[in-house]
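Worksheet for the structure shown next.
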Amino acid sequence: MPGPGAARNGHALRPSGNPSDEHPAMSPTPAPRQFSWWTRHQRDIAPWLFLAPAALMFTIYVLVPIVESIALSFYDWDGLGEARWIGLGNYQELATDPDFFVALKNNLIWLVGFLLAVPIGLGLALFLNQTVFGIRAIKSMFFFPFVISQGVIGLIFTWFYNPANGLVGEIFGLFGMDPIAVLADEDWVTYGIVVAGLYPQIAYCMILYLTGLNNLRPDLIEAARLEGAKGWSMLRHVVLPQLRPATFIAVVVTIIGSLRSFDMISIMTSGGPYGSSRVLAYYMYEKALSEYGYRMGYGTAIATVLFAIMLVYILFVLWRIHQQEKETA
């Protein structure tokens, strides 16, 4: 109990103890905590550690071969003997090579023809995006070409184009017309192979669009219906804008597939007749690795031109992706 003298003097009693309690200003300041270099930078370094294995593999198996191929295009080399430096000699020969321009023209035909897979795939997806009995089986039938080997599809279409007993010949016969030997005609052979290549590519685009249609926002569809939108108006203003990511992927994959076309040509015509169905990838193979050439330097020059064409498009795609990310940021 405090005595009366303490109360009269007006002083509050303080508990005895640590002297620093009586003088808070003299309390010792704790030393700042020291963090290690890794603790301070791990958020910046961790993503690069995860990317390092993939970046290493990409450098070894993609970037290094590209650089070596471009360097080899400046040499005359048969793949066995000593390589001889010729500078731009291979590219100067390409500028006057008529077979090279035939292959380049056929690549453009492939590019334009393959783009038909995008609208056709969209049409099939819209047709199959229904909830009726048996629609899953029908979807499987349309998806079936995508899982078949390209070699098998090439052989099947080779039989179709057979003028003697093929399906195309029978169709021409129904209309009283003589069958056309598509794969033996210099004017038709490239278009015939493009049709064969479209068969699985349409199935791929259809699957992309079916996935996109399953992810449409039902609230936007319902709001558009309340506003009276239907048919073409609904498709153009509501459905297609939501399918833009699927369209972008379909166009990118289709264009890259058309530029690197090789297997269908190798199976169906081997570049014939008389080289009229060659594309750049197959012409590169003929010059560099087949019995017609063994000219590794010239073949890699053709590959470099094809890579330059694809690089322009790839840079455009990357620029579009960057723009879309900026818009959504």
Per-residue HN-Hα couplings for segment 159-171 [Karplus 6.51, -1.76, 1.60; θ = phi - 60°; Hz; x = Gly/Pro] | 5, 4, 7, 4, x, 7, 9, x, 5, 5, x, 5, 5
Residue by residue through segment 279-290, the couplings from Karplus 6.51 cos²θ - 1.76 cosθ + 1.60 with θ = phi - 60°, in Hz, x for Gly and Pro, are 10, 4, 5, 6, 5, 4, 4, 4, 6, 9, 10, 9
Against the longest alpha carbon principal axis of the chain, how many degrees, from 0 to 90 and to the nearest 10, is the axis of helix 117-128 turned?
-> 70 degrees
Would you mind checking the tilt of helix 37-58 against the longest principal axis of the Cα atoms of the chain, expressed as 0 to 90 degrees and rounded to 10?
-> 10 degrees
Once the dipole of the chain is set up from charges on Cβ (+1 Lys and Arg, -1 Asp and Glu), the residue from the list Ser277, Val195, Leu243 lying farthest towards its positive end is Leu243
Can you pull the one-decimal nm distance between simple spin-label points at Asp263 and Ile135, each 7 Å off the Cα toward Cβ?
-> 3.1 nm
Assigning unit charges at the beta carbon (Lys, Arg +1; Asp, Glu -1) and nothing else, what dipole magnitude in debye, to the nearest 20, does the chain show about its Cα centre?
-> 1720 debye
Between Leu116 and Ala55, take the C-beta separation as r, use R0 = 30 Å, and let me know the FRET efficiency to the nearest 0.05.
-> 0.20
Springs between alpha-carbon atoms under 10 Å, Gaussian network over the chain: tell me which of Gly297, Gly113, Gly166 tops the mean-square fluctuations.
-> Gly166
Which label marks the calculated value of semi-axes √(5λ) of the Cα gyration tensor in Å, given the options (1) 29, 25, 23; (2) 51, 21, 17; (3) 66, 36, 16?
-> (3)
Take the alpha carbon atoms of segment 108-139, find their center, do the same for segment 185-246, and report the distance between the two centers in whole angstrom.
-> 7 Å
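Taken together, the values in this text are just the output of simple stated rules run on the coordinates, not laboratory data. Note that this is a predicted model, so its numbers are computed, not measured. Virtual Cβ from ideal backbone geometry, glycine too; neighbours counted across all protein chains shown.
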